[in-house]
1. Do you know which of the residues in region 398-422 that are among the aromatic types (Phe, Trp, Tyr) and surrounded by 22 or more Cβ atoms within 10 Å (Cβ to Cβ) is nearest to Asp336 (Cα to Cα)?
2. Does Ser269 satisfy being at pLDDT 85 or above and hydroxyl-bearing (Ser, Thr, Tyr)?
3. Looking at Ala248, Ala199, which is the one that is of a type in the set (A, V, I, L, M) and modelled with pLDDT of 95 or more?
4. Filtering region 353-379 down to residues that are surrounded by fewer than 15 Cβ atoms within 10 Å (Cβ to Cβ) and at pLDDT 95 or above, which residue is farthest from Val250 (Cα to Cα)?
5. For a quick check of your reading of the model, give me the residue pairs whose first member lies in region 41-64 and is without any contact (Cβ under 8 Å) to a residue 24 or more places away in the chain, whose second is surrounded by fewer than 17 Cβ atoms within 10 Å (Cβ to Cβ), with beta-carbon atoms closer than 6 Å and at least 6 apart or on different chains.
6. All but one of (1) touching a residue at least 60 places away in the same chain (Cβ under 8 Å); (2) out of contact with any strand residue (DSSP E or B) (no Cβ under 9 Å at 6 or more places or on another chain) hold for Val258; state the number of the condition that does not hold.
7. What strands (runs of 3 or more DSSP E) completely inside region 153-262 contain at least 1 residues that are crowded, with 22+ Cβ neighbours inside 10 Å?
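The values are calculated or read from the model by the stated rules, or taken from the named source; none is laboratory data. Quick caveat: nothing in here was measured; it's all calculated off a predicted structure. Cβ: placed from backbone, ideal geometry, glycine included. Neighbour counts: every protein chain shown.
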Amino acid sequence: MESGAQPEVSDRPGVSRRIAAGLTLLLLVLLGIFALVLALVNLPSLLCALAGVAVAVIAFSFGLRSSGPMRVFWIITAGVAVVASVGSLLWLALSSPWGLLAAVVTAMAIGSLGSHALRKQAPTIGRLSVEQPVLFVNPKSGGGKATDADIAAIAAGRGIQVRILERGDDLTEMAGEAIAEGADAIGVAGGDGSLGYVATATIDAGIPFICIPAGTRNHFARDLGLDRTDIVGALDAFDGEIRMIDYATVNGRVFLNVASLGLYAETVSDPAYREAKIETARQTLRTVAAAGERFDLQFSDQGGRHQDSADLIMVSSGRYEIGGAPADMGKRARLDSGHLGILTLVAPDPAAAVEASKLRVPGAMDRRAGWNQWEEMTFGVDSGDPVPMGIDGETVSMDPPLRFEIHAAAFAVAVPEGTPYGPRVSPISTVRSSAPRLWAIAAGR
């Protein structure tokens with residue numbers, strides 16, 4: 001790492017981004033015109049398709065809450081509705097093939113040009129230059145993604161020391177040993193649950209951390225801007241650029257994504273969760289509703305009011321998106337906001353909590369009663385008993401009181417040069433917020 005280097009970033013958009021922003025705005029208008037014309041010309045087919053989607057969503061929702069013959073009935077109803085909707089869309093396509101093709105091409109162009117225009121250059125502190133890099137590889141993570149991509153052999157061919165993890169290995173201890181032996185950058189090819197242990201060691205040692213997205217969901221890699229489908233390409237970070245981002249702690253334990261208490265913690269603590277996530281979540285909700293008991297989680301809400309209980313508390317390093325388009329739900333726009341993201345569900349009774357947690361419309365969490373979201377630099381939770389938590393997918397229990405803290409710009413990560421600043425978001429899914437930004441970029445601001 002270059003010592004004494006200062007963050008390098010320019011907020012003023014370049015010519016290519018300004019042109020892309022202008023074209024995206026123009027194409028958004030054209031797409032709106034195409035959609036209006038297609039709707040007017042094919043109104044019956046369009047209404048039938050929309051009705052089919054609505055019936056399918058409602059039937060699927062009822063199916064999740066039912067059992068036995070009624071569950072079968074609702075699933076069949078949802079299937080019939082989907083078939084009807086697809087048939088209507090096919091009829092629409094046959095009736096107006098060129099108009100539909102123009103709309104699809106326009107939407108694809110908006111996604112490509114708009115993503116480029118909205119892509120922001122991340123502040124860096126220079127290039128990574130290492131002499132003794134180390135990569136830990138979890139061969140089982142993500143169903144064996146690292147093994148399938150032959151990451152260990154490719155990394156070794158680039159002069160990176162590779163250490164294959166085995167069941168029962170202590171990652172924190174192994175990372176500490178690697179640092180003691182002279183490692184000056186450490187990477188992990190694994191899932192979100194593995195990252196925090198190695199990140200703790202690199203933070204303490206002041207050396208860069210590298211994420212190779214070889215897990216199942218790779219939330220941290222996505223929000224960092226990495227291409228989760230290009231595991232081998234992520235190795236370029238060992239010769240990439242360095243960014244300073246935030247990390248969070250709860251009673252001193254590092255986490256990079258989120259710590260969850262309440263309903264979610266109860267769900268992930270069930271041994272059956274890994275093999276049957278949906279069914280385990282449903283069983284947890286049924287158990288909570290039947291017990292009629294409240295979680296002992298005491299905290300102060302965004303207005304400073306004391307709360308004796310919460311059904312769910314999620315504390316994250318940076319704010320997660322919970323509204324808007326379904327495709328953007330669960331993303332963080334940036335990892336260097338300098339704030340914790342706090343999301344709570346406080347319902348009047350257990351039955352209401354279970355009902356509020358069943359989001360029939362993805363991305364509409366922020367519009368449901370009982371949900372609150374805000375940002376803080378510190379956050380506290382107290383309880384009369386040890387508190388179960390899910391931390392980046394790992395189940396733990398901690399003695400109260402719990403103190404959450406954000407550590408701003410204190411975590412050095414290396415990424416391949418040119419990695420985008422945050423996850424990819426299409427202007428179509430966020431047009432309300434993207435349009436003003438596109439206009440500003442087109443104007444050179």
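1. Going through the qualifying residues, I end up with Phe411.
2. Here the answer is no, as Ser269 does not meet what is asked.
3. Ala248
4. Going through the qualifying residues, I end up with Met377.
5. Gly63/Arg71; Gly63/Ile75
6. Every condition holds for Val258 apart from (2).
7. Those strands (runs of 3 or more DSSP E) span 185-190, 209-213, 241-250, 253-255, 258-262.
Residues checked against (1) at pLDDT below 80; (2) crowded, with 16+ Cβ neighbours inside 10 Å; (3) touching a strand residue (DSSP E or B) at 6+ places or on another chain (Cβ under 8 Å):
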position	(1), (2), (3)
Cys48	no, yes, no
Ala51	no, no, no
Ser61	yes, yes, no
Met70	no, no, no
Trp74	no, yes, no
Thr77	no, yes, no
Leu113	no, yes, no
Gly126	no, no, yes
